[in-house]
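First up is the structure itself, then whatever we jot down about it.
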Amino acid sequence: MSEEKKNSPINVSELDSKFKYEVSEQPGGENLTLCFSCGICTAGCPVTEVEGEYNPRKLIRMILLGMKEEVLSSNLIWLCSLCYTCYARCPQNVKFTDIMGVLRDMAVREKYVDSSFVKNIDEIDRLSQQIRHQMVRAIFPQKKENKSIDQKELVKMALKNLDKE
């Protein structure tokens, strides 16, 4: 979302009152309207630790308000790592991770992004998991030692190991 758009007031005439129903009619979106903005989804989200603008509670509020264009055109819907932490912790069973899938599908269907973009995101997700696993495996020998690690060196080593595979 652009800085200008982020700080501008909400124009009620631009809201889509049907948007929340479009999302909640999709598999995984059924409990969207049960959200009462407790914030547990945001508090437990690992993405919020590295991206200050990312806020699952705010995204849900935007959906409920009908901010369809802002949500579907937002880069934020692509930052979710689909880890299901929010899903597991939500007291209302809102299934935010599934909602992110619904939003991504809608963004493609309504031409906010090209379908090749989704393929690229999937490949990035797969690669990041492979890198993580290589890094974790590399420190197995140190699991009984009180030793710090050089994360950048681990990433370099993980990438070299992936090239060998």
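Some notes on this structure:
- Vicinal HN-Hα couplings computed from phi for the range 152-165 (Karplus, 6.51 cos²θ - 1.76 cosθ + 1.60; Hz; Gly/Pro x): 5, 5, 4, 4, 4, 4, 4, 5, 4, 5, 5, 5, 6, 6
- For the chain, taking a cut-off of 4.7 Å between Cβ atoms, the unpaired cysteines are Cys35, Cys38, Cys45, Cys80, Cys83, Cys90.
- Look at the dipole of the chain built from charges on Cβ: of Gln151, Tyr54, Phe19, the Cα furthest out on the positive end belongs to Gln151.
- For the range 46-98, the ratio of Cα radius of gyration to the globular rule of thumb 2.2 N^0.38 Å stands at 1.11.
- P(r) for the range 117-164, from all Cα pairs and a bin width of 10 Å, is 25, 45, 23, 6, 1 %, short bins first.
- Hz values of 3J(HN,Hα) by residue in the range 13-28 - Karplus curve (6.51, -1.76, 1.60), Gly and Pro given as x: 5, 8, 7, 10, 5, 8, 4, 4, 6, 4, 5, 6, 7, 8, x, x
- Dipole magnitude (debye, nearest 20) for the range 1-157, charges at Cβ of Lys, Arg, Asp, Glu: 640
- Across the chain, Cα pairs under 8 Å and at least six residues apart give a relative contact order of 22 percent.
- Equivalent-ellipsoid semi-axes of the chain, from the Cα gyration tensor, Å, largest first: 35, 18, 15
- When the Cα positions of Ala138, Ser73, Val94 are compared along the charge dipole of the range 17-165, Ala138 comes out farthest toward the positive end, with charges on each C-beta of Lys, Arg, Asp and Glu.
- Of all aspartates and glutamates in the structure, the ones whose alpha carbon falls short of 15 Å from that of Lys111, not counting any fewer than 8 places away in one chain, are Glu69, Glu70.
- Over 19 Å between alpha carbons, listed pairs Lys20/Lys68; Lys20/Lys95; Lys58/Lys95; Lys20/Lys58; Lys144/Lys164; Lys18/Lys68: Lys144/Lys164
Where a number appears in this text, it was derived from the coordinates with a stated rule and is not lab data. Fair warning: this is a prediction, and the values are worked out from it, not measured in the lab. Because the Cβ atoms are built from the backbone with ideal geometry, glycine has one as well, and the counts that use them run over all protein chains shown.
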